[in-house]
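The values are calculated or read from the model by the stated rules, or taken from the named source; none is laboratory data. Being a predicted model, the structure only gives us computed values, none of them experimental. Reconstructed Cβ throughout: ideal geometry from the backbone, glycine too, with neighbour counts over all protein chains shown. What goes into the accessible areas is simple: the full protein's heavy atoms, side chains included, and nothing from ligands, DNA or RNA. Shrake-Rupley method; radii C 1.70, N 1.55, O 1.52, S 1.80 Å.
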Amino acid sequence: MADRGMDLSGVPKEVRDHLAELDLELSEGDITQKGYEKKRCKLLAPYIPHIPSVELSLPDVQLTPGHSAEHSPSPEAPGPSTSSAPRSHRAHRSGGARDDRYRSDIHTEAVQAALAKHKEEKMALPMPTKRRSAFVQSPVDNCTPPDTSSASEDEGSLRRQAALSVALAQSLQSPDYWLNRSLQGSSTSSSASSTLSHGEPKNQPQPQPSTAIADVLAHLRIENSVPPDVTSSTPQERGSRLDLPPAVRGMSRVQSRCSMLDNTADGVPVNSRVSTKIQQLLNTLKRPKRPPLSEFFLDDSEEIVEVPQPDPNTPKPEGRQIIPVKGEPLGVVSNWPPALQAALARWGATQAKSPALSVLDITGKPLYTLTYGKLWSRSLKLAYTLLNKLGTKAEPVLKPGDRVALVYPNSDPGMFWVAFYGCLLAEVIPVPIEVPLSRQDSGSQQIGFLLGSCGVGLALTSEVCLKGLPKTPNGEIMQFKGWPRMKWVVTDTKYLTKPSKDWQPHIPTANTDTAYIEYKATKEGTVMGVAVSKISMLTHCQALTQACNYCEGETLVNVLDCKKDMGLWHGVLTSVMNRIHTISVPYAVMKACPMSWVQRVHIHKARVALVKCRDLHWAMMAHREQKDTNLSSIRMLIVADGANPWSVSSCDAFLNVFQAHGLKPEVICPCASSPEALTVAIRRPGARGAPLPARAILSMAGLSHGVIRVNTEDKNSALTVQDVGHVMPGALMCIVKPDGPPQLCKTDEIGEIVLNSRAGGTMYYGLPGVTKNTFEVIPVNQAGAPIGEIAFTRTGLLGFVGPGSLVFVVGKIEGLLSVSGRRHNADDLVATALAVEPVKTVYRGRIAVFSVTVFYDERIVIVAEQRPDASEEDSFQWMSRVLQAIDSIHQVGLYCLALVPANTLPKTPLGGIHICETKQNFLEGNLHPCNILLCPHTCVTNLPKPRQKQPVGVGPASIMVGNLVAGKRIAQAAGRELGVVEDQDIIRKHQFLSEALQWRAQTDPDHVLYVLLNAKGVAVCTSTCLQLHKRAEKITAALMERGGLNTGDNVVLLYPPGIDLIAAFYGCLYAGVVPVTVRPPHPQNLTATLPTVRMIIDVSKAACILTTQPLMRILRSREAAASVNIKTWPTIIDTDDLPRKRPPQIYKPPTAEMLAYLDFSVSTTGMLTGVKMSHVAVSTLCRSIKLQCELYSSRQIAICLDPYCGLGFVLWCLSSVYSGHQSILIPPLELESSLPLWLSTLSQYKIRDTFCSYSVMELCTKGLGTQTEMLKARGLNLSCVRSCVVIAEERPRLALTQSFSKLFKDLGLSSRAVSTAFGSRVNLALCLQGTAGPDPSTVYVDMKSLRHDRVRLVERGAPQSLPLMESGTILPGVRVIIVNPETRGPLGDSHLGEIWVNSSHSASGYYTIYGEESLQADHFNTHLSFGEPQTLWARTGYLGFVKRTELLDASGDLHDALFVVGSLDETLELRGLRYHPIDIETSVSRAHRSIAESAVFTWTNLLVVVAELSGSEQEALDLVPLVTNVVLEEHHLIVGVVVIVDPGVIPINSRGEKQRMHLRDSFLADQLDPIYVAYNM
């Protein structure tokens, strides 16, 4: 850019001002490089007429007169950044709040070199998938995927489609080629390269990204899923594949979304999208990790974590033990005052006109000057007012020694000085704090802790500040979060009282009483007060005066906060001691005019300036070529944060620019300080022309092991550190090990600096326990013996002593991240992240680095603010490159990288990032990132070794003998005998239910068997024995007339829950046909539910359908035709208005082994299975239930269940006819309109036994839990309920049953009432809690053992324990045994195995049409491999165990309890261990308050977690790290993919069970429309 060379002195001043503003905007990152160049050219165009066009590509090396052209770094001083020179460097940096401290060109080059190394590896990280609505941060153009659903017909999209079809034509020779390629790890939209996705024509030259990874990532741009166009009128052809279970909760949305055609317009298979990404992720994971993992330590029973073996090549310290370093003696000067107040009194009296403090206004012009006379008189007035005018003489509010908070903004140092010295004169203890800006201010609670621990009840402030504080509606100052109650006192002069003539302040000689308290925030965020005694304060001022060689009457420019740290020590205390004129440049002025402090130095010929690296950087950036700046007056430029290793480059760069303005190299004086020890070391100004101190160039790898090694081999991972001078006068310094006992370090070891000095802090006020560990440390030698009597203070600084006793600081304890035994410095990681060209991505360089403890080690998290205009690709590319850079330079893996929207990280009072609060937000899920990348696979290296299954070399029999020898029982249990029934039981003579109904209709015709309730609780339909018999006859007659059926044909019953269904069932039995009950389709959701109905009809080869008129209309409707072929339904008979006809005869089966009915059900794994129930099984099952629940004709039971399969069907349709009891039927759907229906029925009819499903119980718990008082007031009483049984085919949901019991205890529900039943496909009812048996017991098992298929009972509350409830008492006539599913041998009772059952009511086999009976036959008739070879068993497909309890059963024996753990088909085999999805899901649902429901499944060894988000979409990405953390912590598994979806997306069947396999299929077919999909690296 040629205009840079021109002399700007001829340009008008306002143009120069505009240019300076532009420079600042660029440095702050508020403007892009391109925008900057454009605006700059525009401004300068009138003044450069001879240049027709401005060439943008030239590097702009400044060669202005008076500048040396040799800006190249000299070999002796490595590390100066030539920031003033090539502007190209500046383009890659967004300046501002933080990054200036970490700016280093050498480091930037190192990072770029490290990234270039990765070039060859081509990391193909899959990009996360986002829903478009979720984050509107990126411009829409970047998000519109080039598919047919983007219906915009603008030129750009047409051009893009044309270009895309060209690209596709090139890449898609054939569909096979495409599929193969997509499976090799490229992605579905790999053809749409990044150039095309912006709507540019194909023939443009492609801009080459800086590294190959950018190319790879650009090609991996996976287009965001756009919801398909739901308005299209051609729904997708579903085929008859069973896609979804009947009436899946909330599936209507998902179904309608699936109208997206299988292929997009270009023939790209849509559903390969997700699987391709997962393939990509797998490819990424297959690469070897960088650190070679040592062999894992494995102890089967106890231990989890891999203990890394020490690496023999780890560098170890080799030097001798360090000798304490002594500072120069503190000189004794005769006229030093006896106390600091005395110095003020002296100057106030003798030098009243002498200026003490000048304050600037916001524009950088002097606002007012406070003279020593004014300072003295106002402080005196304040001291008098504090002691005498608050309260009464008898009861003063303040006494000497009380603590007082000082609340003044930085922009008002004058008021602060007066308040501070007023407190000293009144002998009250000032506690300066930041002005609280809002009730929820970052860290305000911690400030409250400080005020509480210091016992502060009074705050001094200025009138202006008080007006600005947040108020309550009635005008009082708000009570800030965590603060004690405060009285506020305004200290403006007009409110102060002049002291009476006889009053004089008491100024004692400095002693060990506390003078003031300075606040300090710890790494955890706690704020503590460091007390500084009067003698320490005075000694510190003396030591600073000696070290800095302050003279009376000098001028000092202070840019630092005057409330604490160097700003207070130099700018308020030492300056008054030496009658220095301080010019205060507040932070607000610096933001508006970054050059202001340099101008003040020039105008006032200041001798000393007190700054931070930030101020050097800002001045340099805003520096315009002013001839009139002269810094030659400075004898000492004190760099307060010179101890930060990254300060080197700021100092060098500043010197480079301002050396031409008279700045001498030797005046730059970095120093090191800590709140506890005050100033630790400071560099003294060197002699003119003397060589500058040398730098240390250290190896980062060495530093991570805590040793000092000069960096030789890899220049990329070097850290250049400057010294912070010598230790303070009168101090003694040691270096001790940072953790463990304070053992002295060796000379080549990094340790914590500890200091002994009279000039340090004395304690943490009010916290004696913490004080001891910090202020009273006695170092010990190698042998552990103390080296002397003197106590040292820990400074929190890490460093070493170099040649010539120079002190070097390499970091702070609070920024230390200890990962796998190595130490990394947060600041170093920030510097590396910033060197990865963040200008496109990171907002103002705001990056926070901290560690969180997950799975027994610290894990590093980086959070950065993302620029509002950053695109998804830029952000993702930046994140993946930061990963590589940090891996390469620091050899450490990152656990999580998150980008949050600009300006959303919590801020410290001076605008930095509040790290602690950020970490808290991250862990609580309140960070709300807009981009996140987790890399657990690479950085979690301490997982236990995967379990190797031992081959069973031992025969089954010897295992059994082994169990017997070990005293373990064989795990088996049985219900009581069915017994011989007495003769008078007439039912015994009727083996068939059809006969039982006929017998009841004759002997007891008017006995009411069934009552059906509607939503209002009104009986809409009842049926006596005779009525039911008559209705069944009518249906039989219709079947015989119209059906044209043969005996044994299958007939589908399609009815809503009610009595029609029961009548139709018996009508079929009377007609000799086999009924198949099917849940009717949902009228509002035919696309989801009708295909299932169709499938059961097809699979069962039904010859006829019995149904109601409304359902018949639906089956033949146009809507139904959209989902299934309605022309091929079998005969449909509606049974609503049948004529009164009796069938010619009622069929009686020749044998009881004949088929009674088919029971079809969708299992949780999505398998549709129908089982055959014979007449003998039906009657035995009914008899077993009758015995267990003591059912007689005088009893009433209430049923709130779905009546279509399993035990629910048996209780609804069969049991009453067999036992004669009355059943009150409550269709579960009615509860949706009237929640209390079921409970009020129990209360109204005084029901003793009721049966329900988990869905019903959950509805009541969630919907009525808060209304128990209201229900009680309505007279609802559940004390009558003796047993409430949940009918299910799964592990009992203990949390749900317990909360149900607790919630409704107030309504009289007995805590013993709730229990569960257990059934499976092979046997509809194994367990059912009856009336006689003992209460169900609960045990706690160790989850680690359970994964190894072992059962170890632990105490309640033990870590890693899982509570399990017995699944009800085993039914009469049922035997169970626990079997090893592989060897088929019985197991001992300490093992988890498959539950096998032997019972005469087991089903007689699967009903399938594919002739696969041979595969499934062993589910029904199988033998143990030893033990009882002759018994026939049925395999339930569920894992469980049997435990003998202390309780007695009905026969007086010890009770054996059966515990069901989960379905064998659902278990996940990961790392050689067996996991149950429900356990992982329980952990996931606990991870964040917004997770409504979750489901897990595996895909090619990757664990996929799907979580439903009930909160706002802003929270979606908060869930990703929390879910990953909790699964790692509690289950020792790494989550591969986290999918965040809307509530209701996880399919749930009628029994309330999750359909995980359907979910998996939908995910892989890309049908979930997720809010966010995160692929963990």
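Residue by residue, what Karplus-based ³J(HN,Hα) values in Hz, rounded to whole numbers, does region 1013-1026 have, using 6.51, -1.76 and 1.60 with θ = phi - 60° and x for Gly and Pro?
Couplings: 9, 9, 4, 7, x, 8, 6, 8, 7, 10, 8, 8, 4, 5 Hz.
Enumerate the calculated ³J(HN,Hα) couplings along region 1486-1496 in order (Karplus 6.51 cos²θ - 1.76 cosθ + 1.60, θ = phi - 60°), each rounded to whole Hz, writing x wherever the residue is Gly or Pro.
7, 5, 8, 4, 8, 8, 7, 7, 8, 8, 10
How would Arg1375, Arg1444 rank on accessible area, largest to smallest, probe 1.4 Å?
Descending accessible area places them as Arg1444, Arg1375.
Structure shown: which of Lys481/Lys534; Lys534/Lys772; Lys326/Lys374; Lys487/Lys919; Lys1186/Lys1272; Lys1344/Lys1443 lie over 30 Å apart, alpha-carbon to alpha-carbon?
Lys481/Lys534; Lys326/Lys374; Lys487/Lys919; Lys1186/Lys1272
Taking amide hydrogens as modeled 1.01 Å from N in the peptide plane, which residues meet the under 5 Å criterion relative to Ile1548, leaving out close sequence neighbours?
Arg249, Gln1555
Taking 0.36 nm per intervening residue step and subtracting the Cα-Cα distance, what contour gain separates Thr712 from Asn1014 on full extension?
Extra length from Thr712 to Asn1014 when fully extended: 100.2 nm.
If amide H atoms are built 1.01 Å from N in the plane of the peptide, which residues on other chains or at least 5 residues away come under 5 Å of the amide H of Tyr1055?
Sorted by chain and number, the residues that satisfy this are Val1078.
Quick one: Cα centre-to-centre distance for region 1277-1296 and region 1079-1123, in angstrom?
The two parts, judged by their Cα centres, are 33 Å apart.
Expressed in nm to one decimal, what extension gain is obtained for the pair Ala687 and Arg1312 from 0.36 nm per residue of sequence separation less their Cα-Cα distance?
Answer, rounded to one decimal: 216.1 nm.
I'd like the per residue volume of the convex hull spanned by the Cα atoms of region 1001-1064, given in cubic angstrom.
96
Using the structure shown, select from Lys399/Lys907; Lys1172/Lys1554; Lys520/Lys664; Lys42/Lys591 the pairs with a Cα to Cα distance greater than 28 angstrom.
Checking Cα-Cα distances, Lys399/Lys907; Lys520/Lys664 exceed 28 Å.
At a 1.4 Å probe radius, which order do Asp723, Asp641 fall into by accessible area, largest first?
Largest to smallest exposure gives the sequence Asp641, Asp723.
From largest accessible area down, sort Lys117, Lys1127; use a 1.4 Å probe on the protein chains.
Ranked list, largest accessible area first: Lys1127, Lys117.
Please work out the Cα convex hull volume for region 560-638 and give it in Å³ per residue.
That works out to 85 Å³ per residue.
Can you give the direction-averaged projected area of the convex hull of the alpha-carbon atoms in region 366-507, in nm²?
If I average the Cα hull's projected area over directions, I get 9.5 nm².
Just to verify a number: what accessible area does Trp483 come out at with the full protein assembly present, 1.4 Å probe, Å² rounded to tens?
Here the accessible area works out near 20 Å².
Exactly which trypsin sites (Lys or Arg not before Pro) in region 674-733 are in a DSSP loop and have at most 10 other Cβ atoms within 10 Å?
Filter output for region 674-733: Arg688.
Through the Karplus equation 6.51 cos²θ - 1.76 cosθ + 1.60, θ set to phi - 60°, convert the phi angles of region 561-571 into ³J(HN,Hα) values in whole Hz; use x for Gly and Pro.
5, 7, 8, 7, 6, 4, x, 6, 5, 7, x
Using modelled amide H (1.01 Å from N, peptide plane; none on Pro or chain starts), what sits under 5 Å from the amide H of Val819, excluding residues fewer than 5 places away?
It is His824, by chain and number.
For region 474-530 and region 1520-1544, write down the distance between their C-alpha centroids in whole Å.
Here the answer is 49 Å between Cα centres.
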